[in-house]
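Asks: Would you mind keeping the following structure in view while I ask a few things?
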Amino acid sequence: MLRLTNKKRPDKQVKWRAVFAESGFIGLSIILAFALQDWDEMNDIEERMMIALCNVKSELEFNRILLEGDHLPRQNGMLAIINGALKTLGSGAANSASVSGLKDMHFQKSLRYSAWTLAGESGYLLHANFELATEIGALFHYQKDSYQPVIARLNDNLFNSSSEYLKKPIEHYASLKELVNESIAQSLYLKTSYDALFEREDFKLLSCE
């Protein structure tokens, strides 16, 4: 009679602990890789945002110097010439003020806002200090939409003043005086806005070297 012998089967028991450990390690590695990628992207965004803000700050510094050192003195000079001409014409004497002299006082440099425009188009300002960005934006909008058109009108009047001056010199100077006074008022308001911005702590903390 034949005896059946039981042969031991190979041990096929799965080592689940090792499997779970390996799977966990792979999952953790993937999560860590994504986290590092996100961190690198955030650092890149932060760096580009600071570059954009520093360009804007440099542009603001240029505008402030131009406004205080050129625009306001030029406007006050024009006002002095116009007041002198009106006084002379009002007394009935011949006006010695030169129309061409006023033309030479036209504005040759405009306040800039290109860095702010580029910064807005880049999208990096979305990551900036919202309150600070809002203040800067309001200043640039006033500069572009209110101040620059007045300066453009004043320049146009200075260039096209010869015929008007010959026809009605007093009316011509009075019209110019009104426009110059408007430009001075807006310059002073803009200067106040620039001064307030440059005194903000968050603006001072922009480290741009």
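The values are calculated or read from the model by the stated rules, or taken from the named source; none is laboratory data. Being a predicted model, the structure only gives us computed values, none of them experimental. As a convention, Cβ positions derive from the backbone with ideal geometry for all residues, glycine included, and neighbour counts pool all protein chains shown. Accessible surface is based on the protein model in full, side chains and every heavy atom, while ligands, DNA and RNA are left aside. Shrake-Rupley method; radii C 1.70, N 1.55, O 1.52, S 1.80 Å.
Asks: Which whole-number value in Å² is the accessible area per residue of the stretch 66-209, probe 1.4 Å?
Replies: Details: 8040 Å² over 144 residues.
Solvent-accessible surface per residue comes out at 56 Å².
Asks: Within the stretch 54-72, name every residue whose backbone N is under 11 Å away from a label modeled 7 Å from Cα of L118 along the Cβ vector.
Replies: 55-56, 59, by backbone N distance to the label point.
Asks: Carbon-plus-sulfur fraction of the accessible area of the stretch 46-137, 1.4 Å probe, in percent?
Replies: Values: 2640 of 4980 Å².
The value for the stretch 46-137 is 53 percent carbon and sulfur by accessible area.
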